[in-house]
Structures are given as structure tokens and as C-alpha cells.
Amino acid sequence: MTHLYDIVKFGIYALMAFSVLAAILAVTVRNLFHAALCFAAVLIGIAGVFLSLHADFLAMVQILIYVGAVMTLVIFAIMLTERFGDNSSPQNNSLTLAAFGLAIVSLIAFSTISVKTRWPIQENAGALHLSVGELAYALLNTYVLPFEVISVLLITTLIGAVIIAKKDRVS
Amino acid sequence: MIFGTGIIKGMLVTLKAFLASYFKGPHEGGIFTVEYPEKRLAEKERFRNFPFLLYDQTPENLRCVACDICAKECPPKCIYIVRDFDKEGRPLKRPAIFDIDFTVCMNCGICEEACPFDAIFMDHEFEIAGPDRQNKMLYHRDDLLKSNEYFNKIRPTDAGAIDARRREAEEKKKAAAAQAVKAKTTQPQPEPPKT
Amino acid sequence: MAGFLPDWVLVIKSVLISIAAIAFLGPVTMMYLTLLERKVVGRMQNRIGPNRVGKWGLLQPLADGVKMLTKEDIVPTPADPIAHFLAPILIVVPALLVFAVIPFGRGMTAVDLNVGLLFFIAISSTTTLAIFMASWGSRNKFSLLGGMRSVAQMVSYEVPMVLSVVPVILITGSLSTNDIVLAQGGWGGLKWFIFTPWGLLAFIIFYLCGVAECNRSPFDLPEAESEIVAGFHTEYSGMKFALFYMAEFMNSFTISALAATLFLGGWQGPVLPSWLWFFMKTYVLIFIMIWFRGTLPRFRVDQLMNLAWKFLLPLTLINIFVAGFWYFAPNTIVRVLMSAGVLSLSFWGLQKLNQGYAPEKRVYQFGD
Amino acid sequence: MIPLTHYLIFANFLFVIGIFGALVRRNIIGILIALELILNAVNVNFVAFSQNTSPDPATGQIFAFFVIAIAAAEATVGLAIVLALFRVRKTILTDEIHLLKW
């Protein structure tokens, strides 16, 4: 069975590399529509990573909400605001070099932190599978308050977004 | 009116048509398509397609006398006739050349009505295809010839009426001829000329 | 076999077998669904439908396939090459992925995920992305219009579809499609959910939204031939168009299969083998979809949206409430009557509410 | 299977790319995409930690749900603002929007 684990492990690392590459493309590609598509690829990659962490309900929710809904929103916004001719203007401003330097520095800093510190790893670390029932139990018992607050927040966002984006009635 | 009943009523109509197509005959709402090459619908008698020339018994005794009336009457002018002459140059009552250009002919049937000698009629045979327009679709006299039996087969009533009329004219002519012959025989001895 | 295979090869072999089965089943069902559709719609219009190629037209799909393959594949010059090229692929991928979760027979589910149903809904919601790419990539106003319409329709019909599935999950207590089918096994395999009041209503709503989800018949506004040529797949020809066509038919198969699984008891049935039951139910539902196509005219955009947001959505919310009551109420006739009463009352009420809908007078911004 | 640190490094990469994108992009929607990237990186961290270190693995995933919900809400409002802005200023490039009042 070890060969199978190796194949699966290699698959996951490939998925991670694919998502990082897609993320880099999503940030640097000039044409915004392609950037949004690369971002969708990153989301699906991350859903795959969630699957590797045995969080399959979360992976499905991620695909459903992010790729299904948020991407639709982003692409609608891109379509409504993109004037055909102007995607030739350089997408990045003068900060590029400074931002790149900051990025590299912070990357190194975070990585050393995450590698150096000894995290309190549980012994049955990767083995436990979480059933949807336990998840629901946690969501509706221990975390019921944030659950209700989130629903209120979503309603207000819904109404707020409609009001902001509504064409004001020509009186 | 409850929300979905209109839709259900419409659906039942199509379901009835769907079931009828399996169990009903062609005239009670079933399928009436005739699958053409294998099965055919009989043509109506007065169905007109391109004209053809008629001959009695043998292709030699053509009914057409090259009177050129049909060529004159033909609206798109697609008939071309040249009279036949015998060796001494005397005109004969036969066409040497009788061409119909099928690409021009519009199957109107005026030539059939105009022909006083019952020589040209509209055919039922419509599956005509030629490799090219110029020479293959220009039908000459021999291609147009068809027998009287064929004419009776495709248009029994018209052919019957025409044959009856011709036979009757035949008898009348024979009777007249016989009568004329008898008249000639009864007075062979004219009185001697008065001196 | 010489020696027994190491166990990891067995695992891979079983995976490959199920992949091969689905890769074979998908396109073949698609081909013969096109033939079934043309025959049935033909029979409804008193004509025969294709019967030239092969015995009863059985080889017609092959002929269509060859035609599609040999057709020239035109890419419009202003088109955005990447989006234009990727769109048909990204539409077929979810259509095929979704086959993994459908229980074809007693033990015949390719991948028995314990989040099977959510997998189905999540994957079928990614097709909006591919439709966006197709409509935006081909830089053509018809396809853009078609793309916008179809995405608006798919998003607004996805909400009632997902909510209409919640009662089934609530009653069976699990998201896995296999458990759902097992839960409908009582009365000798006939205890289907459709025989409960909330099940019937949820089935109708799920099925309607399913038809809208694959842009078929009464909801085929996005590819309305008469209005916007062919919607988002206007600029496609040859093999790419065949992929769109295949995705649409595979979606209609999977939606009918899932509706059969959730409400008609999947492969549960008294005597016949389990997979036969499954395919019979699915094909009955596909026949109904084709029947819709043979009868109903196309919806207007506002009727489409009203139906989804003002009629189906409130109905599903009430349905979830009734299913909750059904779950806790004792198993007596009172429970049936009450839930049936509440549901029919709400159906009638909502229909009355929607009756008086007169579209507000349009305000023209520029033309007075 | 896969040690925790590999997940953390993956999340760091995404996080850093997100920050770089947010700083560098001129188009507001580009910035919104970068922001979503950062939130996703945070999600990966949540789930990785909850799977490997916390006694009750559900906590991480629950927080990931909340992050997804808030990210969706934030994206909606952000794009509504972008549309309103585009309607007024006909452009959504950040360096062209520098006047508070017209």
C-alpha cells in the first residue's frame, strides 16, 4: 500500500504546486478575465488540499460557494466594468519592486517561523475523519452564536449590496 | 384556475398525439408520413410533369404532324420543331427535329391543350436527373416518344376519351370513304354524252 | 494470473474499471439520448423521426458523431483563444464528474462519498464558470447575451434546487446518495419519498429546477434559436459544439438520475434487478423532459425569474419546515393530512400572490 | 500523511502572493481577487492546524466556514461598490480615483 500513499502524496504536492502557480498567474496576468479564471483554478486547487486534509464537506462548500457564487460575482463585475480597449494599460503600478521585496522577506520570515516552532502535533494527527454529523453538531451547539451573527451579517450585506448597486431612479 | 392545470392539459394533448402515433392509422391522428423511396403515393391522374410525344403501335407512325402550334403557344418557348422533307424535297407530315428543353419547360400543359392532333401530353414520371444542364436535359424526338398503351396506363380516363373520339372519327371517315366509294361504284356508267 | 497482484495494483485496477465504465456510459447515453429525443419529439408531432441510418435510426448518433467530428472548427478572429478553447472542456468535466456519485445499482456507486449529494450540487454549480468563458471568450454579442441569460437562470434556479434537496437530507440524516436510497427501502422497496406530501412537492420543484439547470425546453432561454441564434455556443462548430451538446445531454441524464435517486427510490424496487429499476425510472424522467420540449413554449425572462424567486423559493422554505414537522411528528395519518394541508394551502396562497403580478411600467432612461 | 509544516508553507505562499497582488494591482477587482486569495490562505491554515494539533478537529473547519461566509459577503459589497464607482467615474483603476469629491 505504500506505493499508493506515495502516489497520493505526490498528487497532493503537485496540486499544491499547481495552485501556487495559478495564484501567481492570477496576480500578474494583464487580462483581468484570465486572472479571474486562474483564481478559480486556485480555488479548486485549495478544495483539493482540503480533501487531502479529510475536510471533504468544507471542500465541497468551498467549491459551491467560491467557484459557484463568488466567481460569478467577480466575473459579472469584470464584464460590467471592462472596456474592451483598455486592458493594455499596465496592471501594476510603481510599487512592483518594493512589493516584491516585501513579499520575499515576509515569505522567508513566515516559513522559518512555521518550520522552526515545535507545534503540539497530536498523535492521531492525520488519521481522524470528521463526519458531517460532528461538524453540524459543532456548528449548531458550541458555535451557534457566530452562526446566527453570520446570518444577520449576510442579510445586511444582501440588502446593502442591492442598495449600493441599484441604478438610482431617474426622477 | 390552479397554477399548473393549463400546463397539464397541454401535456396531455402531446401525450395523446404520441400514443396515437403508435396505435392509430394515418387518418385518425396517427403517423401519415409515406416513406418515399420504398413506398409511394399514387399520383393523381391530372398530375403534370414534362411533356412527351405519342405514337400508335410503332414509333414510326407518330401522331405529331409538325404543325408548330405547340411551339408557338409554349410560354417559355422551350419547344423547337423542324419539318421533315422526303427525298424529292416535298414536305412530310412528320417532324425531323422535335426538341424540348426540360430546364426551361415549366410543365404548364398549354402544349397539350393547344395540340389539335392529340400528339403531345404531360407525363407522370418526375424522377428525372441529368449530369449537366446543357445537352443532357435537352430531350430530342426519340427521347420524347412514348406509346399509346403507356398513355392509357398513366391517364386512363383522358386516354380512353381521346381513343374513343379518334375511333369514332375513324369510323366516320371510313364510313364516308365507304360511302364515297359506293357512290363512285353506283354511277360508273355515266349517260352517254348527248350527241 | 501468474501471481496475485500486489494490493495497491488492485486498488488502482478497481478505480480504472469504474472510470472506464463511466467514460463509456457517459458519451453512449448522450448519443442515444439525442436519438431518443428526436424520435419522441417526432412521434409527438405525427412524424417518424430518424429511421434511415441503421435499423430504426439506431446508427443515427454515430452519423451525427462523425458529422460533428468532420465539421470544420472555426475560431472567430476577435475571440479570446484561451477562454474560447477551454470552455467546452470545462463544461464536459463537471458533466462527467457528476456520474461518480450516482448509485446505478445496489452496489454500483462509483465513489460512495459521504458528502455525495453536496458533491453533485457543488460540481454542477461550476458550469456557470464554463458558460462565462464560452460567452465572454467568443466576443460576440449574441453569445454574451446568451451567456448572461443562462448564468442568471442557473444561479437563480440553483437556490430552490439546493433547498428542495434539504428535506431529503433532513429525513435520511446523511448526504450520501447510497444512504438516501437505502432509506427508501421500506414496504418491499416501494417506500419512496415521492409518496410523502413534502416529497412530492420537493420532487416537482427539484425536477423543474433540474430542467432549468441544464437549459432545456421551457427554460431554454439562453439558447433560444429564435432570439439569440444559439446563445453562448454561437461561435462554436465541429467538435467543440459537440462537446457542448454532449454536456447538455449528460446533464439532463444526471439530473433525472439524481431526481430518481432522491425521490423515486433510486434502485429500490420489488422484483426486478436493482440497476433495471434505476434505469427505468431515469428514462421515465428523461421522457418527461423531452415531453416538456414537445409541448411547452419558451418562458419570458421575467416569468422565468418570477417563477424561481417568488414561487419556487418560498415553497421550498415551507417544504423544509413541513419536513421538519414530519420528522418529529408520530407516524400517523394526522401527520400526513396536516403536512398535505399546509403544503397545498401554501401552494394555493403563493399562486394567488403571484396571480396579480402586473409588470410595472417600464421606465425608459433615454427614449422618452 | 503530509506533515503540518508543508501545509503551512503552502498557505504562506498563497498569503504572500495575495499581499503582493493587493499591493501591485491597479484594478480594484484585481485587488479584490488578491484579497480573496489571502482569505483562502487563512482557511488552509485553519484546517491544517485543526487537523493536526487541536483536540477537537471541528473547530478549524467551523472557522473556515465562517471565513468563507464573510469572504462571500465582503466580495458582494466590494463588487457593488465597484459597480457604483464605475457608473460615476467610468474607471476602476485605483490610481485614477484620487479625488474625494468631483
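The values are calculated or read from the model by the stated rules, or taken from the named source; none is laboratory data. Just so it is clear, the model here is predicted, and its values are computed rather than measured. Using ideal geometry, Cβ is built from the backbone for each residue, glycine included, and neighbour counts are taken over all protein chains shown.
Observations on the structure shown:
- Tally, over the range D:72-87, of residues that are within 27 Å of residue A:59 (Cα to Cα) and more than 7 Å from chain A (Cβ to nearest Cβ): 2
- Within the range C:162-176, considering residues that are outside any helix (DSSP H, G or I) and touching a residue at least 12 places away in the same chain (Cβ under 8 Å), the one surrounded by the most Cβ atoms within 10 Å (Cβ to Cβ): C:175
- Within the range C:331-352, being β-branched (Val, Ile, Thr) and surrounded by 11 or more Cβ atoms within 10 Å (Cβ to Cβ) holds for C:336, C:342.
- Criterion violated by residue A:102 - all others in (1) modelled with pLDDT of 90 or more; (2) more than 30 Å from residue A:8 (Cβ to Cβ); (3) facing chain C (nearest Cβ under 10 Å) satisfied: (3)
- Test result for residue D:68, surrounded by fewer than 23 Cβ atoms within 10 Å (Cβ to Cβ), within 12 Å of the chain's Cα centre (by Cα) and more than 8 Å from every other protein chain (Cβ to nearest Cβ): no
- Taking the numbered list (1) closer than 24 Å to residue C:307 by Cβ; (2) facing another protein chain (nearest Cβ under 9 Å) in turn, residue C:133 passes all entries but (1).
- Any chance residue C:258 is in a helix (DSSP H, G or I), buried (at least 22 other Cβ atoms within 10 Å of the Cβ) and within 14 Å of another protein chain (Cβ to nearest Cβ): no
- Counting only residues that are under 15 Å from residue C:206 (Cβ atoms) and surrounded by fewer than 18 Cβ atoms within 10 Å (Cβ to Cβ), the range C:285-319 holds 2 of them.
- Looking across C:81, C:27, C:88, one residue alone is of a type outside the set (A, V, I, L, M) and in contact with a helix residue (DSSP H, G or I) (Cβ under 6 Å, 6 or more places away or on another chain). It is C:88.
- If you go through the range C:276-300 and pick out every residue that is more than 14 Å from chain B (Cβ to nearest Cβ) and at pLDDT below 90, you end up with 1.
- For residue C:114, the test of being surrounded by 16 or more Cβ atoms within 10 Å (Cβ to Cβ) and either away from chain A (no Cβ under 14 Å) or out of contact with any Pro (no Cβ under 9 Å at 6 or more places or on another chain) (or both) is passed.
- In the set (1) more than 15 Å from the chain's Cα centre (by Cα); (2) more than 29 Å from residue A:12 (Cβ to Cβ); (3) part of a helix (DSSP H, G or I), residue D:8 fails one condition alone, (2).
- Hits in the range A:80-94 (condition: surrounded by fewer than 18 Cβ atoms within 10 Å (Cβ to Cβ) and modelled with pLDDT of 75 or more): A:80
Here is a yes/no grid of residues against (1) within 11 Å of chain C (Cβ to nearest Cβ); (2) of a type in the set (Asp, Glu); (3) in contact with a Phe, Trp or Tyr (Cβ under 6 Å, 6 or more places away or on another chain):
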| position | (1), (2), (3) |
| --- | --- |
| A:3 | yes, no, yes |
| A:11 | no, no, no |
| A:14 | no, no, no |
| A:19 | no, no, no |
| A:31 | yes, no, no |
| A:37 | yes, no, no |
| A:52 | no, no, no |
| A:64 | yes, no, no |
| A:73 | yes, no, no |
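- Residue count for the range B:48-64, restricted to those that are within 17 Å of the chain's Cα centre (by Cα), farther than 14 Å from residue B:79 by Cα and not in a strand (DSSP E or B): 6
- Only listed residue being modelled with pLDDT under 90, touching an Asp or Glu at 6+ places or on another chain (Cβ under 8 Å) and closer than 27 Å to residue A:159 by Cβ, chosen from D:89, D:26: D:89
- Any hit, the range B:27-47, residues being exposed (fewer than 15 other Cβ atoms within 10 Å of the Cβ), acidic (Asp, Glu) and in contact with a strand residue (DSSP E or B) (Cβ under 7 Å, 6 or more places away or on another chain): no
- Test: residue in the range C:250-260 that is under 25 Å from residue C:91 (Cβ atoms) and at pLDDT below 90: no
- A single entry from D:76, D:91 fulfils the requirement of being in a loop (DSSP other than H, G, I, E, B) and not charged (D, E, K, R): D:91.
- Taken over the range B:70-101, the criterion of being touching a Pro at 6+ places or on another chain (Cβ under 7 Å) and either touching a residue at least 40 places away in the same chain (Cβ under 8 Å) or charged (D, E, K, R) (or both) is satisfied by B:83, B:84, B:100.
- Residue D:40 meets each of the listed conditions (1) more than 8 Å from chain A (Cβ to nearest Cβ); (2) closer than 30 Å to residue A:97 by Cβ; (3) assigned to a helix (DSSP H, G or I) apart from (1).
- Among residues of the range B:156-171 that are without any contact (Cβ under 8 Å) to a residue 12 or more places away in the chain, none has a beta-carbon under 6 Å from a residue that is β-branched (Val, Ile, Thr) and assigned to a helix (DSSP H, G or I) at least six positions away or on a different chain.
- Of the helices (runs of 4 or more DSSP H) entirely within the range C:1-119, those holding at least 3 residues that are within 19 Å of the chain's Cα centre (by Cα) and touching a residue at least 24 places away in the same chain (Cβ under 8 Å) occupy C:7-44, C:81-97.
- Residues that are surrounded by 13 or more Cβ atoms within 10 Å (Cβ to Cβ), of a type in the set (A, V, I, L, M, F, W, C) and not in a helix (DSSP H, G or I), drawn from the range B:93-115: B:98, B:100, B:102, B:104, B:105, B:108, B:115
- Residues of the range B:125-149 that turn out to be surrounded by 18 or more Cβ atoms within 10 Å (Cβ to Cβ) and in a loop (DSSP other than H, G, I, E, B), as a count: 1
- The set of residues from the range A:126-171 being within 7 Å of chain D (Cβ to nearest Cβ), outside any loop (DSSP other than H, G, I, E, B), more than 29 Å from residue A:77 (Cα to Cα) and at pLDDT below 90 comprises A:134, A:135, A:138, A:139.
- Candidate set from the range B:3-29 (those that are more than 7 Å from chain C (Cβ to nearest Cβ) and not in a helix (DSSP H, G or I)); member that is nearest to residue C:347 (Cα to Cα): B:4
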